[in-house]
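Asks: My questions all concern the structure below.
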Amino acid sequence: MAFAEIIIDISTTALDRIFTYEIPESLVDRVEVGTKVLIPFGKGDNLKSGYVINIKSEPGFDITKVKSIKDIELDADLVEGNLIRLAYWMKDHYGSTYIQALETVLPNNRKAPKNVTYIKLNVDADIAKSYRAQYELRHYNAKVRLISALIENGVMLRTELSKNLNISKSTIDSLVKEGIIREEEVRDYRNPNVSSEGAASKHRLNQEQQAAFDTFKEDYANGIRGTYLLFGVTGAGKTEVYLDMIDEVTSKGKSAIVLIPEIALTYQNVRRFANRFGDDVTVIHSRLSEGERYDQLDRAKRGEVKVVIGPRSALFAPFDNLGLIIIDEEHEGAYKSEQAPRYHAREVAIKRAELSNASVVLGSATPSVESYTKALSGEYKLLTLKERASDAVLPEVSIVDLKDELKAKNFSMFSRELKADITDRLNKGEQTMIFINRRGMAGFVSCIDCGYVVKCKHCDVSMKLHGDKLMMCHYCGSKMIKPDICPECKSKHIKAFGTGTERVVKEINKVFPKARVLRMDADTTKSKDGHEKILEQFARGDADILVGTQMIVKGHDFPNVTLVCALAADLSLFEQDFRSNEKTFDLLTQAAGRAGRGSKPGKMIIQTRHPDEYAIKLSKAHDYESFYEQEISYRRMAKYPPASHMFSVCMLSKRADELDKQSGIYKAFIEENVKAFDNVRVIGPVEAYVYKVKDIYRRVIYVKHDDYDILVDVKNRIEDAIKDGRLSSGISTYFDFDPMTTF
């Protein structure tokens, strides 16, 4: 016997309502995860529709109380079925509950559609004027005002009539009853601001771009739905290739999803796509209101738009005719979810494309080591753009050794070369971008005499200084006032160390008092349109220098930017993360790519205390291939992804002693269950990189093996042991496969 777990309503408010039904013998071969079925529900013969989310061999309760599925619903919604299949795959592939996976992929339907009522004349203008004359004689002033307004405007919103003309409901109802006017209720979409600069003509591709597009076009015409890696240097014109690819699939009645790593990139990307495709483009991201998000998802489902652009969650736009998924800047860590299921958008996009018979295009100037490895092996098809578009050249890159600056008695955060180059750009009316991987004023506050560091009481991290006095924890948000005296030794020598974006702006204002400066980081972009406002100002030339965290040097295109500087390139280089070299190389190479994208030559300055590190040296040469060869050899030696797969078991508890005890039990359980497999490495348990967050202690066990499926099997055994009580439910546990960040 087989049983199906079914959700009756796929709206997220009902996802906790899961029911079990028997699958009759006649339907066993036809019912699978994602199938839409008809089931008896409630009393009598009442039938409801539901979706199968899981199939199992036991019902889990008294079998005599289990009803049977009546039939398969033939008008099943393909997109909802596919999204449920996708959720099931994600639950199994990454580890989570069914509910967590379903809530991730299914649209949030808690908002109702918004409708508006229009009032129109139901007779021609001459007849309306004759009625108006009659009402004037009878002094029906409200009716006269209403008919006059409609003769002049043709159509008006009912709310406008009430607000601006003081027309009552009874007046409108009376004229409707007389047949003089009519009401029309239409859907009012709460649309985000998707602006364009007018229709743009199709851009003529250069030889490299055309070759990449032709490969895709030929495959698509031949029914080949593959995964492509578009590897092009910064400024090579990958977006122009994307546009033609989208044009190709939409001309065949298909839709496209374009993923970007951050909301900060929405502004320019949406404008370029809207210029090409007009009203067929919309955007989905977390800054939209619930109503706006609901309406854009509904427009996608109805086929009223053809292209959806947005960060990771836009991947689940409910297109039923999906033809193409593009992941721009595919190397970015933002494509990895930090909430269960901890999925990677690249892998989920490929699975969704498989379910939808669609293609996937991954684009980057610095591909992830994982993607480039698959491209070299032939699993992905490699398309390359080696030259910048429009005859632009790659920027000159200069590495400044900060140790030499100290020897020269330059104690400023700006090297002598940087000061000279900023002065030169200011004199020429050109723009500069300066970035650092910290917001706020400083890295930490410490006592010079005893070494005490001001830390958060709830998290095992140092507090960050914002302004002159306010200190904040970037993990839990708690705040405090910077102490004037060391709490440990009572010394007055307690001061801020390190550099944040606020401090950089202050120093620029001192050194270059006439420069117009903008700052862009998580603090200055909190408002709904925060990113757009700052980027629009900079694009208009309202500022000479843009200072920010790494969000300012990812994917933006400002033709007047000719100088970019990484103030402290070492910040990402020595993180407790096996990907630190890759992150550093990516960031510096991508940052350099923001300079010289127009007709003027560009320059990148890298300030560092470690100029000989290979990630820094090879970013100067824009040499991804050499970086990859060095990095992959290190990964192979250390058995890190993609040379091997890694699975982390993350354990949390409010009690440190209980966590220590249970993490040891977890390790013993894992070691016992991997004995049947060769070459499995179990590491830990160890304290997490940040041991305590919001008063919760954290430990982690790492499991390595070449075969991903073996790690999934280990995950399944742990989940089963938690369910049946062999492992403690007194601690929280979650899983992360091939993690992108340090736990």
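Asks: Within the stretch 1-16, take every residue that is modelled with pLDDT under 90 and touching an Asp or Glu at 6+ places or on another chain (Cβ under 7 Å) and give me the one that is surrounded by the most Cβ atoms within 10 Å (Cβ to Cβ).
Replies: Across the stretch 1-16, the extreme among qualifying residues is Ile10.
Asks: Just one of Lys252, Lys177, Lys163 is among the basic types (Lys, Arg) and either within 39 Å of the chain's Cα centre (by Cα) or closer than 30 Å to Met604 by Cβ (or both); which is it?
Replies: It is Lys252.
Residue-wise test of (1) buried (at least 21 other Cβ atoms within 10 Å of the Cβ); (2) in contact with a helix residue (DSSP H, G or I) (Cβ under 7 Å, 6 or more places away or on another chain); (3) small (Gly, Ala, Ser); (4) outside the structural domain of Val690 (by TED's automatic domain parsing).
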site	(1), (2), (3), (4)
Lys455	no, no, no, yes
Cys476	no, no, no, yes
Ala515	no, yes, yes, yes
Ser527	no, no, yes, yes
Leu535	yes, yes, no, yes
Val553	yes, yes, no, yes
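Asks: Let me ask something additional. Kindly list the number of the only condition in (1) at pLDDT below 90; (2) assigned to a strand (DSSP E or B) that fails for Tyr697.
Replies: If we test Tyr697 against (1) at pLDDT below 90; (2) assigned to a strand (DSSP E or B), just (1) comes out false.
Asks: Kindly establish whether Ile718 is hydrophobic (A, V, I, L, M, F, W, C), assigned to a strand (DSSP E or B) and not assigned by TED's automatic domain parsing to the domain that holds Ser337.
Replies: no
Asks: Which condition breaks for Leu243 when tested against (1) under 26 Å from Asp391 (Cα atoms); (2) modelled with pLDDT under 95; (3) under 22 Å from the mean Cα position of the chain (by Cα)?
Replies: Going through the list (1) under 26 Å from Asp391 (Cα atoms); (2) modelled with pLDDT under 95; (3) under 22 Å from the mean Cα position of the chain (by Cα), Leu243 breaks only (2).
Asks: Still on this structure, I have one more. For the stretch 276-310, how many residues are hydrophobic (A, V, I, L, M, F, W, C), part of a helix (DSSP H, G or I) and more than 17 Å from the chain's Cα centre (by Cα)?
Replies: 2
Asks: Residues in the stretch 179-198: is at least one modelled with pLDDT of 90 or more and among the aliphatic types (A, V, I, L, M)?
Replies: yes
Asks: Can you tell me which residue in the stretch 423-480 is modelled with the highest pLDDT, limited to those that are basic (Lys, Arg) and under 29 Å from the mean Cα position of the chain (by Cα)?
Replies: So, considering only residues that are basic (Lys, Arg) and under 29 Å from the mean Cα position of the chain (by Cα), the one modelled with the highest pLDDT is Lys479.
Listed here are the residues, each with its yes/no results for (1) closer than 18 Å to Ala365 by Cβ; (2) of a type in the set (A, V, I, L, M); (3) outside any helix (DSSP H, G or I).
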residue	(1), (2), (3)
Ala211	yes, yes, no
Asp214	no, no, no
Phe231	yes, no, yes
Thr234	yes, no, yes
Val241	yes, yes, no
Pro261	yes, no, yes
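Asks: From the set of residues in the stretch 39-93 that are out of contact with any helix residue (DSSP H, G or I) (no Cβ under 8 Å at 6 or more places or on another chain) and of a type in the set (Ser, Thr, Tyr), which is nearest to Ala353 (Cα to Cα)?
Replies: Going through the qualifying residues, I end up with Ser49.
Asks: Can you tell me which condition Asn410 does not meet? The list is (1) on the phi > 0 side of the Ramachandran plot; (2) modelled with pLDDT of 90 or more, and all the others hold.
Replies: (1)
Asks: Still on this structure, please answer the following. Taking Lys403 as the residue in question, decide whether it is basic (Lys, Arg), at negative phi, in the same structural domain as Lys603 (by TED's automatic domain parsing) and surrounded by fewer than 21 Cβ atoms within 10 Å (Cβ to Cβ).
Replies: The answer is yes for Lys403.
Asks: Just the residues that are surrounded by fewer than 22 Cβ atoms within 10 Å (Cβ to Cβ) and either touching a strand residue (DSSP E or B) at 6+ places or on another chain (Cβ under 6 Å) or not assigned by TED's automatic domain parsing to the domain that holds Arg597 (or both), please, taken from the stretch 555-571.
Replies: Asn560, Asp570, listed by residue number.
Asks: Mind listing whichever residues of the stretch 138-169 are farther than 24 Å from Lys114 by Cβ and either among the aromatic types (Phe, Trp, Tyr) or not in a helix (DSSP H, G or I) (or both)?
Replies: Arg138, His139, Tyr140, Asn166, listed by residue number.
Asks: Between a first residue in the stretch 539-552 that is farther than 17 Å from Thr525 by Cα and a second residue that is polar (S, T, N, Q) and in a loop (DSSP other than H, G, I, E, B), which pairs have beta carbons less than 8 Å apart while being 6 or more apart in sequence or on different chains?
Replies: Note: pairs meeting the criteria are Gly541/Asn560.
Asks: Filter the stretch 461-500 down to the residues that are among the β-branched types (Val, Ile, Thr) and in contact (Cβ under 8 Å) with a residue 40 or more places away in the chain, then identify the one that is nearest to Lys692 (Cα to Cα).
Replies: Val461
Asks: Next question. Step by step: first the residues of the stretch 593-645, then only those that are in a strand (DSSP E or B) and of a type in the set (A, V, I, L, M, F, W, C), then the one that is surrounded by the most Cβ atoms within 10 Å (Cβ to Cβ). Which residue is that?
Replies: Met604
The values are calculated or read from the model by the stated rules, or taken from the named source; none is laboratory data. What you see is a predicted model; the values in this text were computed from it and never measured. Don't worry about glycine lacking a Cβ; one is built from the backbone with ideal geometry, like all the others, and counts go over all protein chains shown.
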